[in-house]
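What follows is a set of notes on a single structure, which appears directly below.
The values are calculated or read from the model by the stated rules, or taken from the named source; none is laboratory data. All of these numbers come straight from a predicted model, not from anything done at the bench. Virtual Cβ from ideal backbone geometry, glycine too; neighbours counted across all protein chains shown.
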């Protein structure tokens, strides 16, 4: 039956006899070598060094008398740290010297383990990738396959680490590194490559066109680059498409060149000039498909590439955005093509019997400075005779308010319609 030390003996014994063992436990935790490896399969693994793990651990010890058959090396009087053996003989009985046992208890701070795993989760995480499709000779085929996403289950992984460390003995911490498997969760993509037969995509339900004749080679390059982001995308029933979200970053690293855009009351070069050719054409396809437009803004002034005026949609990351909802009962496949100087967007799906009519766009006001107001009406009649009408109004300012680089010399005084703040910003930007 184990017996504990009398209270007056225990502090002395801890201080003078066991201090080397306690210091040894602390030293071992601060070592820089690997304690264990977090394994996440073939894609990711992460070594955890002892110095990091030591911040999660607390060691505590207790002393008690073992059975007479137990002989301790550490607690034996030969390991006594008092100067000379006489003091050990005086303070400690033979049983205390030879049969005292030490039990070391390890506590793992789970909250600190979880904090550590928050950073690991960023490297493990992978977004699922939806499949894209293409109509070839009237048949739907896979353009790019879907891929599963990956998440780290922080809570379950923390439990596994705590269990591993709690069950490890002192010898384990000094031996070769152990391994802990991460708890990995697979995230299925919304659009799976294998679901092609269930989509029911057979017919063209709407089409939009625009002409970019007269565009520079860089502008045409940007149009084709942006179009590739949308070609093959699938829009589920009830899903809202965000042009900006699907487009992604617009810069040189993502394949764009500098061309003219409308920005900061100027028409000036910037990466991605010409992308609005795609958003405008996509907007037209959505209108002729009878989809619900949830966000759309016209350009600041009339642009020749988007004739007829009043039927355009401007975008700029992060806003303004073009958004619309697939309000049909089936999936819609987005297909883009360039034929000569025409950009064509076709929406494929399954007809639900709706008909779409468009009245306009009509110019309702025209200013001497080139400013315009327009309107058009989208009328959607469902198979049961229900009618929905949406009116789209556009307000265009004078092109003179947005000078191109070659027009800078024309502005020597504040244009009509500009605020003092806009004029000051213009002058600062042009060294006036």
Item to check | Matching entry among 146, 166, 111 (being surrounded by fewer than 14 Cβ atoms within 10 Å (Cβ to Cβ) and in contact with a strand residue (DSSP E or B) (Cβ under 8 Å, 6 or more places away or on another chain)) | outcome: 166
Checklist outcome for this item: Of the candidates 377, 328, the one satisfying the condition of being within 38 Å of the chain's Cα centre (by Cα), assigned to a loop (DSSP other than H, G, I, E, B), surrounded by 14 or more Cβ atoms within 10 Å (Cβ to Cβ) and in the same structural domain as residue 229 (by TED's automatic domain parsing) is 328
Checklist entry - In segment 227-252, what count of residues is obtained for those that are assigned to a helix (DSSP H, G or I) and at pLDDT 90 or above? => result 9
Checklist entry - Are any of the residues in segment 415-422 surrounded by 14 or more Cβ atoms within 10 Å (Cβ to Cβ) and part of a loop (DSSP other than H, G, I, E, B)? => result yes
Checklist entry - Which of the strands (runs of 3 or more DSSP E) contained wholly in segment 136-214 include at least 2 residues that are under 33 Å from the mean Cα position of the chain (by Cα) and either at pLDDT below 90 or within 26 Å of residue 123 (Cβ to Cβ) (or both)? => result 139-144, 149-152, 178-181, 184-187
Item to check | Condition met for residue 269 (farther than 18 Å from residue 342 by Cα, part of a loop (DSSP other than H, G, I, E, B), touching a residue at least 40 places away in the same chain (Cβ under 8 Å) and in the same structural domain as residue 318 (by TED's automatic domain parsing)) | outcome: no
Checklist outcome for this item: Within segment 390-405, the count of residues that are crowded, with 18+ Cβ neighbours inside 10 Å and either part of a strand (DSSP E or B) or within 36 Å of the chain's Cα centre (by Cα) (or both) comes to 4
